[in-house]
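The values are calculated or read from the model by the stated rules, or taken from the named source; none is laboratory data. Everything quoted here is computed from the prediction, not taken from an experiment. As a convention, Cβ positions derive from the backbone with ideal geometry for all residues, glycine included, and neighbour counts pool all protein chains shown. Just so you know, the surface numbers come from the protein's heavy atoms only, side chains and all, with ligands and any DNA or RNA stripped out. Shrake-Rupley method; radii C 1.70, N 1.55, O 1.52, S 1.80 Å.
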Amino acid sequence: MAQTPLSLNDAIGRARAKNPDAGSSAAGEREAAQRIIQARAGYWPKVDLVESWQRGNQPVFVFSSLLTQRQFTAADFALDALNHPDAIDNFRSAVTVEQPLFDVATKADVTAARISHEVATANRLMVSHDLAVRVTDAYGRVLVAAGARRTADAALETALADRQLARNRQDAGLATDAEVLQIDVHVSRTREQQIRAAAEERIARARLNQVMGEPLGEVFMLAPAAAVAAIDATDLAALEAEALKNRPEVGVAALQEDLARAAETAARAALLPQLSIQAGWEFNGSAWTSRASSWIVGAVARVNLFRGFADKARLSEARDQAARRAFERTNVQTAARLDVHVALARLEAARASEAVGRDAVMQARESQRIIRDRYEAGLADVTSLLRSAEAIVQADAQQVTAQVAVLTETAALQRALGR
């Protein structure tokens, strides 16, 4: 009883913090950020340290090892020593450094990684917006189910009171056994509706907990649905422009096109030369503690002359992919505009239904009061009494459903606008 009511905003916050989809999208964004660092590594020098030991009597190995150890003597030119050398050891330590000077592919890779990170960020925003809509829908379903259960409870109380009224009239000789039996059947049917309503409420609560990332059996006391913020729907063009500017899907489509252009640049980079400088230091010796040093520096230029037309095909593929992404972006923009139109129409219909629901409840309750008074006075039959009770249940359900529909359709419109 001391539990703080869970508001819709609190439920959305719980989902964004605990829902696995939110965690997955956040992890994907972090992964993409690390790929930017990996791509930028192409600008930095590559430094390797090698420590090795070899032993053998292979003639070329022995000859080169003696030279690198600076231990080659005139006696080593003897034919027998060249052809059948004794086995020797070679301990080698080496440090190599290679610094790229010109490589267009690295720049293209960094651009692609940065765009991929922006796509991951937009995907995280899409998940966040989708969770808001999903939580609002699940929250509204709980409110509807709870309202239906309360209506069923009230209907059962009314049915029991009507049964007692019918029995009193029976005792006074003003009602027949058939009328009492009809009301008994109505009580049983109402009790069954109450049981079903309670089960539907438990299911709705479990589904809300699943979206929020909470234990399925946890029971939250929900706060009544707050009044939704009014959205000015008079300027449709402005709403469409807002959707095109803020919708993550539209941004992702544009980024996917940029990513395809970056792939085209990377494919073209394979046709350009690559230039880098190299340097190395070596320490070779026949023992671990006795070694001779040497160094080497140089530059490397690599030009792609022919690779079986693979690079040309890759470039054509990238161009076609960029063209396809451009068409997809246009399609996403059109879909965003359509979502705004659909959300506005549904919100207007929900608001109209809410107004009708309020009037229907007032009329049904007043009708039931009149019919019960007439039945008690013997001026109405039991069928009219039962119909008035059913009308109350339907009107209450219609009103709650309409109120929740306004809530969920407003959330859908905000989602369509990218808010």
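Here is a check on your reading of the model: is Ala416 small (Gly, Ala, Ser), under 25 Å from Ala154 (Cα atoms) and either open to solvent by less than 40 Å² (accessible area, probe 1.4 Å) or not in a helix (DSSP H, G or I) (or both)? Answer is no for this residue.
Set side by side, the residues Ala238, Ala260 differ, and just one is within 26 Å of the chain's Cα centre (by Cα), in a helix (DSSP H, G or I) and among the small types (Gly, Ala, Ser), which is Ala260. Tell me yes or no: at least one residue of segment 141-150 is out of contact with any helix residue (DSSP H, G or I) (no Cβ under 6 Å at 6 or more places or on another chain), modelled with pLDDT of 80 or more and among the β-branched types (Val, Ile, Thr). For segment 141-150, residues out of contact with any helix residue (DSSP H, G or I) (no Cβ under 6 Å at 6 or more places or on another chain), modelled with pLDDT of 80 or more and among the β-branched types (Val, Ile, Thr): absent. Looking only at segment 369-384, decide whether some residue is within 45 Å of the chain's Cα centre (by Cα) and either modelled with pLDDT of 75 or more or part of a helix (DSSP H, G or I) (or both). Checked against the condition, which is being within 45 Å of the chain's Cα centre (by Cα) and either modelled with pLDDT of 75 or more or part of a helix (DSSP H, G or I) (or both), segment 369-384 yields no hits at all. A single member of Thr176, Thr136 is over 21 Å from Glu192 (Cβ atoms), of a type in the set (S, T, N, Q) and surrounded by 22 or more Cβ atoms within 10 Å (Cβ to Cβ), and it is Thr136.
Listed by first and then second residue, the pairs with beta-carbon distance under 6 Å, at least 6 apart or on different chains, first residue in segment 26-52 and more than 19 Å from Thr106 (Cα to Cα), second acidic (Asp, Glu) and open to solvent by 30 Å² or more (accessible area, probe 1.4 Å), form an empty list. Test Ile277 against the stated conditions and say whether it is surrounded by 13 or more Cβ atoms within 10 Å (Cβ to Cβ), β-branched (Val, Ile, Thr) and at pLDDT 85 or above. Taking the combined requirement at face value, the residue satisfies it.
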